[in-house]
Structure formats: structure tokens, C-alpha cells
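The values are calculated or read from the model by the stated rules, or taken from the named source; none is laboratory data. As the structure is a prediction and not an experimental result, all values here were calculated from the model. Please note: Cβ atoms are built from the backbone with ideal geometry, for glycine as well, and neighbour counts cover all protein chains shown.
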Amino acid sequence: MSDHASSRLWVMRAGFALLMLTILFFHLLPLQTSTGGLIWPDFTLCFAFAWSVRRPEYVPPLLLAGAFLLTDLLLQRPPGLWAVLALISCENLKGQSRGLRDATLMAEIASVAIWILGIAVTYRVVHAVLLIDAPAFGPLFLQAVATIIAYPLVIAITHGVLGVRKAAPDELGGKGVRS
């Protein structure tokens, strides 16, 4: 790996960490002071999925686990549950990334939508099984739908603004490994 490629890899990893911290910062701002209101998409999950599909090497498992665990702690969710579900989903999407590179945008969105709904349902079921005070299914489902709807916007931002694009076939080595 050349020095330029190595430095770009670390810059993009730092950029992803900074992006996650920025999203968390805006999520924690007291912009909505009344109860109720809008249900916002989970942008941390959207960006993690988009980067996992486009450039799996930019989001190593340790970085994803740290970002999701920090999100759990700051958003006062049970530590680790959402993080492990999101990490499993991201790692599975990384495994599918080569196939999704050649697939249509709708196939990618459908694959991501299945994972988002799977995370929401599993999160709710684990809460129920462990007899933990479970979040209401309605808002959890609405947030999952909002996250699915926001995913194409996140793809546009990831591709157009942040410059994270799917690897071209010529960027892959002889055995399908990125060179």
C-alpha cells in the first residue's frame, strides 16, 4: 500500500469519527424543548451503513463499536445492545459490499432497509425477553422508517460532499481485495 493510500485511509477513518461526533453533538443540543414532536432518523446508523457499503476499509469494527457504544452512552440507551446490533449489521453489509457495488441503488436501499428493520425488531424483542422497560413500538418503528427514508439523502451526502464512493473494479486486486 502506498504512503498516499495509507494516509488517505487514516484521514477518512478520522473523518468518520468526526462525523459521528458531530451528529451526536447536534443530537444532544436542546433544540426541542417540548414533549412529542418529530421523530428524527438515526443518522449515525445511516452514515455507518453507507460507509460500510461503499468503503468497508474506512470503518473498521473497532471504530464502529466505539462510535455506537458512545452513542448508546450519550443517548442513555442500555449500553451495548444497540451497539452490537448495529455492529453486526455493518459487518454483514461489509460482507455484501462487493455484491452491492455491482447492484442497483434500489437493491442497496432494500438491503439496508431490511437491516434497519431487523435492528429495530430485535432491539424491541430483547427488551421484552429481558423484561427491561421497552421503548414503545410505534415510535421505534417510525424512527426505523424515517431512517430508511433518510438513507438515500445520506448516500447523496456521502457520495457528493464527503467523496466516499464505491470502489471501482480496477481498484480491486486480483483476488478481489482492494489494492
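The set of residues from the range 70-83 being within 15 Å of residue 119 (Cβ to Cβ), surrounded by 14 or more Cβ atoms within 10 Å (Cβ to Cβ) and in contact (Cβ under 8 Å) with a residue 12 or more places away in the chain comprises 71, 78, 81, 82, 83.
Please go through the range 112-148 and pick out each residue that is assigned to a loop (DSSP other than H, G, I, E, B) and modelled with pLDDT of 95 or more.
Within the range 112-148, none qualify.
Of all residues in the range 22-63, those satisfying the criterion of being more than 17 Å from residue 151 (Cβ to Cβ), aliphatic (A, V, I, L, M) and surrounded by 13 or more Cβ atoms within 10 Å (Cβ to Cβ) are 24, 63. Taking each residue of the range 112-124 that is surrounded by fewer than 20 Cβ atoms within 10 Å (Cβ to Cβ) and of a type in the set (S, T, N, Q) and looking for partners that are modelled with pLDDT of 95 or more and part of a helix (DSSP H, G or I) with beta-carbon atoms closer than 8 Å, six or more apart or interchain, yields 122/85.
Evaluation of residue 156 against the conditions (1) in contact with a helix residue (DSSP H, G or I) (Cβ under 8 Å, 6 or more places away or on another chain); (2) of a type in the set (Gly, Ala, Ser); (3) in a helix (DSSP H, G or I); (4) without any contact (Cβ under 8 Å) to a residue 12 or more places away in the chain shows that the sole unmet condition is (1). Among the residues of the range 74-98, just one is among the aliphatic types (A, V, I, L, M) and over 19 Å from residue 122 (Cα atoms), namely 74. Out of 44, 22, 71, report the one residue that is in a helix (DSSP H, G or I), at pLDDT 90 or above and under 11 Å from the mean Cα position of the chain (by Cα). Of the residues listed, the single one that is in a helix (DSSP H, G or I), at pLDDT 90 or above and under 11 Å from the mean Cα position of the chain (by Cα) is 44.
Being charged (D, E, K, R) and assigned to a helix (DSSP H, G or I) is the filter; apply it to the range 74-102 and report the residue that is modelled with the lowest pLDDT.
Filtering the range 74-102 down to residues charged (D, E, K, R) leaves 77, 91, 94, 98, 101-102.
Within this subset, residues satisfying the condition of being assigned to a helix (DSSP H, G or I) are 91, 94, 98, 101-102.
Details: 91: 95, 94: 92, 98: 83, 101: 78, 102: 81.
Per the criteria, the residue is 101.
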